[in-house]
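Peer 1: Quick one: structure below, then a few questions.
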Amino acid sequence: MSDPWNVYGTTLESRLFLGTARYPSPAIMEEAILRSGAEVVTTSLRRQSPEAQGGKSIWNRISSIGCRVLPNTAGCRSAKDAVTLAQMSREIFETNWIKLEVTGDEYNLQPDPYELVTATEQLIHLGFDVFPYTTEDLVVCQRLHELGCDVIMPWGAPIGTGKGLTNPYALETLRDRLPNTTLLVDAGIGLPSHAAKAMELGIDGVLINTAVATADDPVSMALAMSNAVQAGRLAYLAGPMAQSETAQASTPIVGTPFWHSQPREKASES
Amino acid sequence: MRIVVNGDQTEVGSEELIAILQSLEFECDKVVVAVNQQFVAREQWPNYCVRSGDELDILSPIEGG
């Protein structure tokens, strides 16, 4: 099924974004990305020693795959740090795209909404296409949209927990209240069923890393996630049935044999 | 002159940013630089001089989620 979508002016076919961290090896990472069909992968920046040759090996591997790169600002605790890291990312990765992460709490790595909004405003002013990673808070997401974000990335659950969608009601609300904003669920997805559920709710795409990278077989899990995303999307487009509180037979009742009906009296006997 | 490079106190023999990067054997085309938490764009490098005590962050691409 061809179902192209647009992300900051780029047309994509796959609705699965894949992270590049925590794989058993670069070769497995590459195979997982290829198997998933993902067209966008996330990367980051870190201090390197000269001996690491500028992160040459991992970056060569990622860039050779040919995916579009979405750099993140993981690890930043303030808007100032995030803006600086975003500027550095733009130069080395040669893209205006930035997955904006500003952590506010160390325990669950929860995004700081105040610093996030501040950084978003500054980065948009600097010409970035911002993908803000946020909680599912409606008002924060509305504010991000008002600032000019075409894409917003609410979490499903805290990063790396694999708990799935802890607040599906909020995601449904976001979908209803921000109908023209591209929503990507980022973080918390642990199983293909979680990804499918997000897509069934009308979420436009998902970003997954840990659930694929730390599976016993990351390549197979990448394919499973890809299939789940497609299944969920197709289900959303197909229009799910309405739920009912009581059972409703799917097989026609008229003409049921043997055990339900009493013998009908013939007209001549009455 | 002593500066801080990626968190480590470092003695350098030049104040010129490019000379410092080269002396520390960084591959200049594969790194990005911030000085005192401020981004220093590549086009600024030829004229950029570091002061004693400055903190340099020299970053490279890595995998990420």
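Peer 1: Any chance the stretch A:39-49 includes a residue that's in contact (Cβ under 8 Å) with a residue 60 or more places away in the chain and in contact with a Leu (Cβ under 9 Å, 6 or more places away or on another chain)?
Peer 2: Within the stretch A:39-49 (the criterion being in contact (Cβ under 8 Å) with a residue 60 or more places away in the chain and in contact with a Leu (Cβ under 9 Å, 6 or more places away or on another chain)), the answer is yes, since at least one residue qualifies.
Peer 1: Here is a further query. Give the residues of the stretch A:116-150 that are of a type outside the set (A, V, I, L, M, F, W, C) and in contact with a Cys (Cβ under 8 Å, 6 or more places away or on another chain), sorted by residue number.
Peer 2: Of the stretch A:116-150, the ones of a type outside the set (A, V, I, L, M, F, W, C) are A:118, A:120-122, A:125, A:127, A:129, A:132-137, A:142-143, A:145-146, A:148, A:150.
If the condition is that a residue be of a type outside the set (A, V, I, L, M, F, W, C) and in contact with a Cys (Cβ under 8 Å, 6 or more places away or on another chain), then A:T120, A:P132, A:T134 are the ones that fit.
Peer 1: Conditions: (1) part of a strand (DSSP E or B); (2) of a type in the set (V, I, T); (3) at pLDDT 95 or above. B:I20 meets all but one. Number of the miss?
Peer 2: Condition (1) is where B:I20 drops out.
Peer 1: Please state which one of B:V5, B:V35, B:V40 is more than 10 Å from chain A (Cβ to nearest Cβ) and buried (at least 16 other Cβ atoms within 10 Å of the Cβ). Before the answer, list the steps.
Peer 2: On the way: B:V5 fails: more than 10 Å from chain A (Cβ to nearest Cβ); B:V40 fails: more than 10 Å from chain A (Cβ to nearest Cβ).
It is B:V35.
Peer 1: Next up: Hey, B:I20 hits all of (1) over 25 Å from A:F93 (Cβ atoms); (2) under 10 Å from the mean Cα position of the chain (by Cα) but one; which does it fall short on?
Peer 2: For B:I20, the exception is condition (1).
Peer 1: Show the residue pairs meeting these rules: Cβ distance below 8 Å; 6+ apart or different chains; first residue within the stretch B:47-65 and on the phi > 0 side of the Ramachandran plot; second residue among the hydrophobic types (A, V, I, L, M, F, W, C).
Peer 2: B:G53/B:I3; B:G53/B:V4
Peer 1: If I filter the stretch A:125-177 down to residues being polar (S, T, N, Q) and away from chain B (no Cβ under 14 Å), which single residue comes out as surrounded by the most Cβ atoms within 10 Å (Cβ to Cβ)?
Peer 2: Going residue by residue through the stretch A:125-177, those that are polar (S, T, N, Q) are A:134-135, A:142, A:161, A:166-167, A:173.
Restricting the remaining residues to those that are away from chain B (no Cβ under 14 Å) gives A:134-135, A:142, A:166-167, A:173.
On the way: A:T134: 27, A:T135: 18, A:Q142: 15, A:T166: 14, A:N167: 17, A:T173: 14.
Out of the qualifying residues, it is A:T134.
Peer 1: Mind listing whichever residues of the stretch A:140-155 are aliphatic (A, V, I, L, M) and under 10 Å from A:V117 (Cβ atoms)? Give the derivation first.
Peer 2: Here is the first cut: in the stretch A:140-155, the residues aliphatic (A, V, I, L, M) are A:140, A:144, A:147, A:151-153.
Passing the criteria: A:V140, A:L144, A:L147.
Peer 1: A further question follows. Looking at the structure I just gave you, is A:P252 surrounded by fewer than 13 Cβ atoms within 10 Å (Cβ to Cβ) and touching a helix residue (DSSP H, G or I) at 6+ places or on another chain (Cβ under 8 Å)? Quick ask: steps written out before the conclusion?
Peer 2: Numbers: surrounded by fewer than 13 Cβ atoms within 10 Å (Cβ to Cβ): yes; touching a helix residue (DSSP H, G or I) at 6+ places or on another chain (Cβ under 8 Å): no.
Spelling it out, it is not the case that A:P252 is surrounded by fewer than 13 Cβ atoms within 10 Å (Cβ to Cβ) and touching a helix residue (DSSP H, G or I) at 6+ places or on another chain (Cβ under 8 Å).
Peer 1: Can you name the residue in the stretch B:51-63 that is farther than 11 Å from A:W59 by Cβ and of a type outside the set (K, R) and, of all such residues, is farthest from the other protein chains (Cβ to nearest Cβ)? Explain how you work it out, then say what you get.
Peer 2: Looking only at the stretch B:51-63, we keep the residues that are farther than 11 Å from A:W59 by Cβ, and these are B:51-59.
Imposing the further condition that a residue be of a type outside the set (K, R) reduces the set to B:52-59.
Details: B:S52: 21, B:G53: 18, B:D54: 15, B:E55: 11, B:L56: 10, B:D57: 6, B:I58: 7, B:L59: 4 Å.
The qualifying residue farthest from the other protein chains (Cβ to nearest Cβ) is B:S52.
Peer 1: Within the stretch A:52-103, work out how many residues are more than 21 Å from the chain's Cα centre (by Cα) and under 19 Å from A:S14 (Cβ atoms).
Peer 2: Residues flagged as more than 21 Å from the chain's Cα centre (by Cα) and under 19 Å from A:S14 (Cβ atoms) within the stretch A:52-103 amount to 2.
Peer 1: I'd like to check something: does the stretch B:1-22 contain any residue that is touching a strand residue (DSSP E or B) at 6+ places or on another chain (Cβ under 6 Å), of a type in the set (K, R) and farther than 30 Å from A:M29 by Cα?
Peer 2: There is at least one residue in the stretch B:1-22 that is touching a strand residue (DSSP E or B) at 6+ places or on another chain (Cβ under 6 Å), of a type in the set (K, R) and farther than 30 Å from A:M29 by Cα.
Peer 1: Another one. Given the conditions (1) assigned to a loop (DSSP other than H, G, I, E, B); (2) surrounded by 13 or more Cβ atoms within 10 Å (Cβ to Cβ); (3) within 9 Å of chain A (Cβ to nearest Cβ), and given that B:S14 satisfies all but one, which numbered condition is not satisfied?
Peer 2: (3)
Peer 1: To continue, here is another question. Just one of (1) at pLDDT below 95; (2) touching a Leu at 6+ places or on another chain (Cβ under 7 Å) trips up A:T173, so point out which.
Peer 2: A:T173 satisfies all of (1) at pLDDT below 95; (2) touching a Leu at 6+ places or on another chain (Cβ under 7 Å) except (1).
Peer 1: Follow-up question, since we're still on this one. Determine whether A:R61 is surrounded by fewer than 21 Cβ atoms within 10 Å (Cβ to Cβ), over 24 Å from A:H194 (Cα atoms) and among the charged types (D, E, K, R).
Peer 2: yes
The values are calculated or read from the model by the stated rules, or taken from the named source; none is laboratory data. Note that this is a predicted model, so its numbers are computed, not measured. FYI the Cβ positions are ideal-geometry reconstructions off the backbone, even for glycines, and counts take in every protein chain you see.
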